[in-house]
Amino acid sequence: MEKKTVLDKKTVEGVEKTADTTVTGEALEPVKTRKPAKRKCKPRGGNSPVIGMNGYNLEDGDNAKYLRNSMHLMNLPDIDLHDVEQVEQRLNDYFDFMASSDMKPTVSGIALALNGMSRRTLIAIVNDYATGGSGYKTALPQEVALVIKKAYRIMEVLWENYSQNGKINPVMGIFLGKNNYGYQDKTEYVVTPNVQQDNDYDPDSIRQRYLIDSTDSDEEND
């Protein structure tokens, strides 16, 4: 029986190899070839901080931890906000509590620790804005306001450290910077109108201009 030799192409691990194969008989079966293995690609969204689980990492017990933390702050006894020592001690207690809980302090958390005031009221105290709709600044003593402002500055320093060292979600970091610390991300355009004032004209040139206009008008009437 006549022997025929065909080329058998095989692909092994993405590399094409050719080997001689000896077969007998007149009919030759088609040679099966392996397809190159597909490369594994990154999931859609890649490392985006807002797609899939990239934006948050919620573990078992986190909800209970955050809830107990907030309940602890809510149940703190009220202090005299006009007493600088009591306010300073409450702020120190708040930061110590967050450190012992291994949690990031928040602006709203400071406000809640200070007799449950709102975040807007706290920001008004820090920036010397009018509180509420009464149209006047907060009635807290100046030394108390200074202590609160120092605590707020600590929050801003922490926010910068978290953002620069990758310890906070980038999208949330931008949001907090704009809403809590007054940072802005915008382009400003300064438009200067090109309008000449009366003092830009010489009186003689103005008089000569009107004389020329009146002369032309008289000639047209004639």
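Points worth noting:
- Where labels lie 7 Å past Cα in the beta-carbon direction, separation of Glu88 and Leu158 in nm: 2.0 nm
- Distance in nm between pseudo-label sites at Asp78 and Lys35 (7 Å out along the Cβ direction from Cα): 7.3 nm
- Within-14-Å neighbourhood charge of Arg68 [Cβ basis; K, R +1; D, E -1]: -1
- Shown is the FRET efficiency for Asp185 and Leu146, computed with R0 = 45 Å from the Cβ-Cβ distance and rounded to the nearest 0.05: 0.90.
- Square roots of five times the Cα gyration tensor eigenvalues for the range 66-180, Å: 23, 18, 13
- Here's the picture: charge each Lys and Arg Cβ at +1 and each Asp and Glu Cβ at -1 in the range 66-180, and of Leu158, Asn115, Ala99 the one pushed furthest to the positive end of that dipole is Leu158.
- Annotation for Asp96 and Leu211: the two label points, set 7 Å from Cα along the Cα-Cβ direction, are 9.1 nm apart.
- Local electrostatic count, Phe97, Cβ distance below 13 Å [Lys/Arg +1, Asp/Glu -1]: +1
Throughout, read-outs are computed from the coordinates displayed, never taken from laboratory work. Quantities reported herein were computed from a predicted structural model and do not represent experimental measurements. For neighbour counting, all protein chains shown are included, and Cβ atoms are generated from backbone atoms with ideal geometry for every residue, glycine included.
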